[in-house]
Each structure stands twice: as C-alpha cells, then as structure tokens.
1. What accessible area per residue comes out for the chain, rounded to a whole number of Å², with a 1.4 Å probe?
2. So what is the relative contact order of region 189-312, in percent, for Cα pairs below 8 Å that sit 6 or more residues apart?
3. Before anything else, pin down the relative contact order of region 69-209: Cα pairs under 8 Å, at least 6 apart, normalised by residue count, whole percent.
4. On a straight-distance basis, which lysines could pair with Lys148 in a cross-link, Cα separation under 17 angstrom, same-chain partners fewer than 8 positions away excluded?
5. On average over all directions, what projected area in square nanometres does the chain have, based on the convex hull of its Cα atoms?
6. May I ask you to list the aspartates and glutamates whose Cα is less than 20 Å away from that of Lys51, ignoring any residue fewer than eight positions away on the same chain?
7. Could you identify which residue out of Ile351, Ile53, Ile195 has the top mean-square fluctuation in a GNM of the chain using Cα springs shorter than 10 Å?
8. Of all DSSP beta bridges in the chain, what percent run antiparallel (nearest 5)?
Amino acid sequence: METVYQAQISYSQFLSETGKPLQPLPDWTGEPDKLVRYYRNMVQLRQLDNKIIALQRTGQMGTYASLLGAEAIEVVLGDLMLSDDVLVPYYRNHGLQMFRGLPLADMLSYWGGDERGSSSPAMGEDFPNAVPIATQALHAAGVATAIKIRGEKRAVVTVCGDGATSKGDFLEALNVAGTWQLPVVFIINNNQWAISVPRSIQCGAPTLAQKAIGAGIRGEQVDGNDVIALHESVTEALKHAREGKGATLIEAISYRLSDHTTADDATRYRSNEELKAAWEREPIKRLQTFLHDRGWWNEVQETAWQKEVSQIIQQGLDSYLQLPPQPVEHLIDFLYAELPEALKEQRERLIRNAQPGGSHHE
C-alpha cells in the first residue's frame, strides 16, 4: 500500500476575497497610514503596468512581463525591506525595484532593451533582473553567505515563480541556505501558471512551501492577494534573517491575471472562467473595499490619486523616450575585459559605419 507523506504547512489569510476580516487583525492595522500606502502603491503599479503594455503594443517597448495580479507582493516587500538589505529579483519584480529607489525611466529603459537599465546607480547592491529561471536563488544564497561571514545584520530577498521551484538551482539554494543557516528569504510568487504549465502538474506535493522542510528551513503559505497576511509573514521572515536565525520560504498564493509576457497568448491554454474567478480574488479591489468600510478611502481620494499617478508615470515615460541612444561601439565594449583583435577591428568598422557618410557595406 502506497503511503503519501504530507507535511503540515501553515496558511495565513486575514481578509476574505471581498475585503472582510476573517480573524482578529494585527494592531498595526488599527491606523490607516500603512494600509493606505499599500493601496496607493498597488494602484500605481496597476496603472503603470497598463501603460507599459500599451507602449509595447505601439512599438515603443520590448517584450514585457506584466506584474498584473502580483501587486500586493511587490508593495509589501518594497515597504518592509531595509535599504541595506539586498534584493535579488526576477523579471516580474520591477515594481519592487522602483519602491527600492530605481527611477521609473531606468526601469523602462531595461524593458526597452537598453542594458543601462540594469546598472542604475540607484540599485546600490541590489542585483539586476534574472531572466534565466531560478538562477537568482543561488545568487541570493551567495550574497547571504557573504553577509553571514561578515557578521552583518542584513537580509537577502529573492523572488521566483512557481515554475522555478522545479529547477535544480532553486532546490540547491534552499539546501545550502538550510545547511549554513543563511539570512535569506525566498518568496515564491505562485501565480498558478509557469507560462502554459499549470500548478496542478508542476509539482506533486500539496504545497510548494513543503520544499522548505527538506532543506530544514521555515516554510509557510500566505494569501498573496492579502497585504495584511503578507505584511505579517514577510516581517517575521526578515526579522528571522537579520537576527541570524536562518532562511524562510514563503509561498504567496496569487494569480497571473495577464499573459506570461506580451509575446504570449494565455487564451490558448487557460479558460475565461478560470480568469474571471481569479479577478474576484485580486488584491487591489480587496484592499479598497476594506479601506472603504473603515472610512479611510473614498471616491474623491481615488480620483485625485489616479490623476497624480498618471502624471508621475508620464514624467518617467518622457524621460525614457528622451534617453539618447548608446554609442554603437557599446555593442562590443563590454564583452571582454580586453577585446580580442578581431573584435577591435569590428568595433572600428562599426564606428566608421555609424558616422555620417560612413559606408554600410564593408
């Protein structure tokens, strides 16, 4: 007789899908400031996301990975991480990067195909986006190792999708984080779809958070559309890391309300009924209802904030569109510490051809 091992993983949720409390709320929710900030930041991300997709559709932006549906994860991490913590992101963390100081124009330049967006001075010690799946988890473990060796009270945060948890890189990072008690927080944005692969066939375990058990680290599930639950879970995980108590794995249950990227068509593999149901659970409307019920947000504030956000986004967009192109030789300049002779010749030819009157047939 086959025995199926099922470990117990806690699940945290404070607000229902309709924004009603499901249990006593933490003391900090008794004041509106933080919750209103979370809401305003999520609205900003939603509007920005819509704008970037419109830019891509009109040829002013490259292929783009929407963060639609993950706004709560982005704003909570952005609020709770300290400036000297280190972010090791993946390609759906641009909202989080902005809340950590990355100028909007720099973020847009990255998605516009300009690698200067990956090296903004504002990023400090944060890493650039990782497009290869799960490689950032090992990078985070390496950074956390250095922090532990130095005896610093800092945390490393790395985020991935549900599909990344099936990669060896991810499991190896969990293993070393547990073995060495590293100060790293692994966040899984379980948005239910790894491109066209549903969560139901991604992993045989009931939860992705159970992967933490084999590594000997803390693991939990949280409603990724509930900012209060996320705030509580992330606060404790960051505290655990900064105090030298080791790593945590948080599986945030969300839903990818968009296509995987603007190069994808999710209608080919996902039903409209499933998507419609997911929209009933999304984070912004849920928090808006909660704030309305408490008299902390109203239609006048909403209209004013939407207008202000539109202006903020337009300013960043104008700066991005006015960014001068890089010199053509930059195609080659950063490939090697010392350029081989063959590339030196190509570099000179590129410069000549780019000059007015230069030949384009050499």
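1. Counting only protein heavy atoms, the per-residue value for the chain is 48 Å².
2. On the way: 113 pairs, mean separation 33.2, N = 124.
It rounds to 27 percent for region 189-312.
3. On the way: 199 pairs, mean separation 33.6, N = 141.
Across region 69-209, relative contact order equals 24 percent.
4. Partners within reach: Lys239, Lys245.
5. Mean orientational projected area (the chain, Cα hull): 23.1 nm².
6. Glu71, Glu74, Asp106, Asp114, Asp259, Asp264, Asp265, Glu282, Glu302, Glu308, Asp318
7. Maximum among the listed residues: Ile351.
8. Antiparallel bridges: around 10 percent, rounded to the nearest 5.
The values are calculated or read from the model by the stated rules, or taken from the named source; none is laboratory data. Quick caveat: nothing in here was measured; it's all calculated off a predicted structure. Here the Cβ is made from the backbone with ideal geometry for all residues, glycine too, and neighbour counts use every protein chain on show. Accessible surface areas use protein heavy atoms only, side chains included; no ligands, DNA or RNA. Shrake-Rupley method; radii C 1.70, N 1.55, O 1.52, S 1.80 Å.
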